[in-house]
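Have a look at the structure below before the remarks.
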């Protein structure tokens, strides 16, 4: 039989001095007041530490059944109620109370779990004889403030907020973990926390000992400049820093992005041809009705057409083959 991770000795301390009294209040609300408890905090590792500690304490309570649901589903909750109420009639489920207290524990109550909470809350209120309560944990930024307020206003719900961590509390906590030899094991959970550097310092780790997670950690002073290999057909690469200004200007070559330019030129030519053909069609119709108009149009259009052809020949001559 494997041991439960919640029995680990690293649970001997909590991140904030207020956590112990807060968890005692949550335990009393669950077992004495028969309330549903929703615990929120600002930092995920703080929430995780409090969940493990309270879960460990509740496991030791006699006559208490814990049902841990990492990803609660409505079907799972309904199945649990059916199991608890199997020996009760509907009338008994509404008016009597089961001998054992059942707690549905949701250690990671995300922003999309509201449906599960409401479904369970509805069943608890409809069948109080099931003697089922809920205990959920979440970071506060996962939920809208108005939704939390609405949840807390219900008589059978108790919303509890952990005291925000400060540097003094974290120094005490990290030092205790370091003395127990548990700090290095905790470091991964603090990677994205504002306390990671303090934890690394307390553990005696240097900057070089910490893993590099991004290009921002790259030390340019340790890099070695390399010269890319050139093929005979590749353009010559020279160091411009040692060349006079005039030589650098001579070496500059204007490069035209023909791949981007040609579609635009093609669009311009197409539009021009459409205009020319439209004018020619108009003149042809008008010339058929009145011949002097056709003659005058030819006199004007012929030089323009010749000039357009010359311009197209010059443009095509510049396109690399």
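The values are calculated or read from the model by the stated rules, or taken from the named source; none is laboratory data. The structure presented is a predicted model; accordingly, all values stated were derived computationally and were not measured. All Cβ positions, even for glycine, are placed from backbone atoms using ideal geometry, and neighbour counts span all protein chains on display.
Within the span defined as segment 72-84, one or more residues are outside any strand (DSSP E or B), free of Cβ contacts under 8 Å to residues at least 60 places away in the same chain and within 21 Å of residue 141 (Cβ to Cβ).
Screening segment 69-95 for residues that are in contact with a strand residue (DSSP E or B) (Cβ under 9 Å, 6 or more places away or on another chain) and surrounded by 14 or more Cβ atoms within 10 Å (Cβ to Cβ) and picking the one that is farthest from residue 162 (Cα to Cα) gives 84. For residue 164, all conditions in the list (1) surrounded by 14 or more Cβ atoms within 10 Å (Cβ to Cβ); (2) assigned to a loop (DSSP other than H, G, I, E, B); (3) modelled with pLDDT of 80 or more hold save one; what is the number of the exception? The number of the failed condition is (1). The residues on offer are 146, 152, and the sole one that is closer than 24 Å to residue 24 by Cβ, assigned to a helix (DSSP H, G or I) and modelled with pLDDT under 90 is 152. Here residue 178 meets the list (1) in contact with a helix residue (DSSP H, G or I) (Cβ under 6 Å, 6 or more places away or on another chain); (2) assigned to a helix (DSSP H, G or I); (3) assigned by TED's automatic domain parsing to the domain that holds residue 52 almost entirely, failing just condition (3).
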